[in-house]
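A quick write-up on the structure given underneath.
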Amino acid sequence: MATDFHKDDLELIPESELDETSILSSLARLQLMHASLRQLRETVPKVMDSMFIDSRSPDQLHAHFSQTAIGAAKDIKSFAQLIEESKSKDALNRAKESRANDGEGITAWRVSEHADWLDVKKEDATEDSVMDTNNEELDTSAGDLTLADMQAIFEKFKASQMGVEADLDEDTRTVKIFLPSPTNTHFEVRPTAAPGGQNTYTVHSVEKTKLHGKIIEAIASHSTGMGLYSLLEMLVAYKDFKSRPCVKCSRLLDPNAQFPVVRSKRRLKQANGLYLNQWDAFHLSCI
Ligand SMILES: [Zn+2]
């Protein structure tokens, strides 16, 4: 082992695994931090812009401005949290240490050489959320969905989404997912009877705010034909919906002060040949 970084954890990990998984994960984390920092540059102009949008009344102007300011404060808070997380500190320490040990050939990074740098890859791509071909077959199988099918899909989902609070109620065949604060949403997913055809699902949220209504609508219109596994992944992708900017316009709030309520799947092929689902956020107005 070349470094004593993370010494307790790393002594048991073979060097090859450290090179592959750990370095890729650190790189993804650094990219996420860099992209988040870059997006903060637009935070203050966004708040200022919100004051110059035509408003019908002072109340409307005030409401719009307040909402934008709250969104900006959340952006800043989530960036601060990201930087404070131990995984971020580890990644930065690791980069610093690696540079100190062998800094030769490390030059200044130029955005012009990496046009796609804002496409943040999902962290830990080699460990989590990897969907193999079996999952895909399971997911798209047509016909009557048995309870055993649901259990199998649910178990794979649980295994890939460590830390997500989720339950399968076998009596009502309902998958329940809870996304904690700041999202604070209880999703419920039920299969819709479709004998012989493609399985479909309905999604509800226990919370009935206007924003939840918009999310449920966006889920319904963007999950047509989707299998249960992908649908559950999609719901988890709402866990940061009050802080994840739209990939199209890079803003958290659109000109109508709406959050990006759509989650759209992008399949990324990994070096190991397996696929990873990445869920991009979009405003309804940006699709
Ligand atoms: Zn947008």
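Identify the single condition in (1) within 17 Å of the chain's Cα centre (by Cα); (2) within 24 Å of Ser250 (Cβ to Cβ); (3) surrounded by 14 or more Cβ atoms within 10 Å (Cβ to Cβ) that Glu85 does not satisfy, given that it satisfies every other one.
Single failed check for Glu85: (3).
Of all residues in segment 63-81, how many are within 19 Å of the chain's Cα centre (by Cα) and open to solvent by 30 Å² or more (accessible area, probe 1.4 Å)?
Residues meeting the conditions: 7.
Against the condition surrounded by fewer than 21 Cβ atoms within 10 Å (Cβ to Cβ), within 16 Å of the ligand (Cβ to nearest atom) and aliphatic (A, V, I, L, M), how does Val203 come out, does it pass?
Judged against the criteria, Val203 is not a match.
Identify, by number, the condition in (1) more than 16 Å from the ligand (Cβ to nearest atom); (2) open to solvent by 10 Å² or more (accessible area, probe 1.4 Å); (3) over 20 Å from Ser181 (Cβ atoms) that Ile216 doesn't meet.
Looking at each condition in turn, Ile216 falls short on (3).
Suppose we filter Lys248, Lys214, Lys242 for residues that are farther than 16 Å from Ser285 by Cβ and outside the structural domain of Phe65 (by TED's automatic domain parsing); which single one remains?
Testing whether each residue is farther than 16 Å from Ser285 by Cβ and outside the structural domain of Phe65 (by TED's automatic domain parsing) leaves just Lys242.
Within segment 141-193, work out how many residues are among the β-branched types (Val, Ile, Thr) and open to solvent by less than 20 Å² (accessible area, probe 1.4 Å).
Qualifying residue count, segment 141-193: 7.
Name every residue in segment 237-287 that is near the ligand (Cβ under 9 Å from one of its atoms), closer than 18 Å to Pro182 by Cα and part of a strand (DSSP E or B), in order of residue number.
Ala281
Could you please find all residues in segment 232-287 being among the charged types (D, E, K, R) and touching a strand residue (DSSP E or B) at 6+ places or on another chain (Cβ under 7 Å)?
Once the filter is applied, which keeps residues that are among the charged types (D, E, K, R) and touching a strand residue (DSSP E or B) at 6+ places or on another chain (Cβ under 7 Å), segment 232-287 yields Glu233, Lys239, Arg244, Lys248, Arg263, Lys265, Arg266, Arg267, Lys269, Asp280.
The values are calculated or read from the model by the stated rules, or taken from the named source; none is laboratory data. All values derive from a computational prediction rather than experimental measurement. Note that each Cβ is placed from the backbone with ideal geometry, even for glycine, and that neighbours are counted across all protein chains shown. The area values use the complete protein model at the heavy-atom level, side chains included, leaving out ligands, DNA and RNA. Shrake-Rupley method; radii C 1.70, N 1.55, O 1.52, S 1.80 Å.
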